[in-house]
Amino acid sequence: MSLGYDPPMLTKTMTRIGAATALVLIASPVLTGCSTSKNKADTQYVARDVSTLYNSGKDRLDRGQYKLAAALFDEVERQHPYSPWARRAQLMSAFSYYMNTDYAESISAAQRFLSIHTGNKDAPYAYYLIALCYYEQIADVTRDQKITQQALDSLGELIRRYPDTRYAADARLKVDLVNDHLAGKEMEVGRFYQRRGQWLAATLRFRSVVDKYQTTTHTPEALERLVESYLSLGIPAEAQKAAAVLGRNYPGTKWYERSYKLMQEHGVKA
């Protein structure tokens, strides 16, 4: 019996129960002759054969009882650590925790899988789960961005290790969104400094957006605010350079119109 499987790409934008069922149908061959005790709690420690434990976890996952499913898959690993099913149960546990939004537990389970099964064919999926767990915890731009950076690092690691997988293809799309989020944070801080008249500090933030996140949606505004900041600092030559880049790359935007007007008001050639 082959134990191989190809975990699908899953996020919470899919139907949760339907997604869980899809994973299990691919991950689990049909097992027969399995039964669970109706008189004992599912997660109570009772020595049970591996197929009974695994099928119990599958059943709970199908029914959307993700926390119980994870506990049962963990029990597979505890009671049958040397069974071929233990490897699969580790990933299924990580997936169950992910579906239950127990992100720390999901990351831990996926990392445990990777530490034991380095180079396994399912390693890309484990890296993908870790990245998703960080990605789905990204907070708004007004809060600390540690999780955002962890998401970016995890997505980048997946892309570097497994560039030709479908998981890497999805990760590249998410990297663009994460970068846009980080750029938004830099803009938010830069505007704060601008309001306080701290032009040099503001300039450093807007410059960071232009240099590090130039493909994001925040770049035109960053360039316009650089024009404002440089003019306020009394260095029109730098303002002129920023305005030129803005005009060359975003000529039809409101940000270019604002910078052009500012340059005219200060008597600087745009």
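Return one whole number: the accessible area per residue of segment 83-196 in Å², for a 1.4 Å probe. Each step should come with its number before you reach the end.
Values: 4960 Å² over 114 residues.
For segment 83-196, the solvent-accessible area averages 44 Å² per residue.
Is the shape of segment 197-270 best called rounded, prolate or oblate, per the rule: a/c under 1.5 gives rounded, else a/b larger than b/c gives prolate, else oblate, with a ≥ b ≥ c the square roots of the Cα gyration tensor eigenvalues?
In terms of gyration-tensor shape, oblate.
If Lys and Arg each add +1 and Asp and Glu each add -1, what is the summed charge of the other residues whose beta carbon sits under 12 Å from the beta carbon of G247?
+2
If you average the alpha carbon positions of segment 233-270 and of segment 175-224, how far apart do those two centres end up, in angstrom?
So the two Cα centres are separated by 17 Å.
Please tell me which of these pairs span more than 19 angstrom C-alpha to C-alpha: K241/K269; K146/K174; K67/K121; K185/K254; K58/K174; K146/K212?
K67/K121; K185/K254; K58/K174
Tell me the label-point distance for the pair D49, R160, using the 7 Å Cα-to-Cβ offset, in nm and rounded to one decimal.
In this crude spin-label approximation the distance works out to 4.6 nm.
Give a residue-ordered list of calculated ³J(HN,Hα) values for segment 185-193 (Karplus: 6.51 cos²θ - 1.76 cosθ + 1.60, θ = phi - 60°; whole Hz; x for Gly, Pro).
5, 4, 5, 4, 5, x, 5, 4, 5
Report the charge-dipole magnitude of segment 112-270 in Debye, nearest 20, computed about the Cα centre from +1 at each Lys and Arg Cβ and -1 at each Asp and Glu Cβ.
Dipole about the Cα centre, nearest 20: 220 debye.
Return a whole-number percent for the relative contact order of segment 113-270, with Cα pairs under 8 Å and 6 or more residues apart as the contact set.
Details: 189 pairs, mean separation 21.6, N = 158.
Over segment 113-270, the number comes to 14 percent.
Can you give the charge dipole size of segment 81-152 about its Cα centre, rounded to the nearest 20 debye, using +1 on the beta carbon of Lys and Arg and -1 on the beta carbon of Asp and Glu?
Magnitude of the dipole: close to 300 debye.
Give me the extension gain from R78 to F192: residue separation times 0.36 nm, minus the current Cα-Cα distance, reported in nm with one decimal.
Working it through step by step, the gained length comes to 35.8 nm.
State the extension gain, in nm to one decimal, for the chain segment bounded by K146 and R172, taking 0.36 nm per residue of separation less the distance between their alpha-carbons.
Numbers: separation 26, 0.36 × 26 = 9.36 nm, distance 1.95 nm.
Answer, rounded to one decimal: 7.4 nm.
I want the local charge near D211. Using Cβ-Cβ distances under 12 Å, sum +1 for each Lys or Arg and -1 for each Asp or Glu among the other residues.
Result for the neighbourhood of D211: +2.
Taking θ = phi - 60°, what integer Hz values does the Karplus form 6.51 cos²θ - 1.76 cosθ + 1.60 yield along segment 51-64, in sequence order, with x for Gly and Pro?
5, 5, 4, 5, 5, 5, x, 4, 4, 5, 5, 4, 8, x
Could you tell me which of rounded, prolate or oblate describes segment 46-122, using a ≥ b ≥ c as the square roots of the eigenvalues of the alpha-carbon gyration tensor, with rounded for a/c under 1.5 and, failing that, prolate when a/b is larger than b/c and oblate otherwise? Don't skip to the end; give the middle numbers.
Values: a/c = 1.91, a/b = 1.06, b/c = 1.80.
It is oblate, given that a/c is not under 1.5 and a/b is not larger than b/c.
Can you check what the net charge comes to around I107, using other residues whose Cβ is under 15 Å from the Cβ of I107 (Lys, Arg +1; Asp, Glu -1)?
Within the 15 Å Cβ shell, the charges total -4.
For segment 152-208, which trypsin sites (Lys or Arg not before Pro) pass both filters: DSSP loop (anything but H, G, I, E, B) and at most 11 other C-beta atoms within 10 Å?
Qualifying residues, ordered by number: R196.
The values are calculated or read from the model by the stated rules, or taken from the named source; none is laboratory data. What you see is a predicted model; the values in this text were computed from it and never measured. Cβ: placed from backbone, ideal geometry, glycine included. Neighbour counts: every protein chain shown. To get the accessible areas, we keep the full protein, side chains included, count just its heavy atoms, and leave off ligands, DNA and RNA. Shrake-Rupley method; radii C 1.70, N 1.55, O 1.52, S 1.80 Å.
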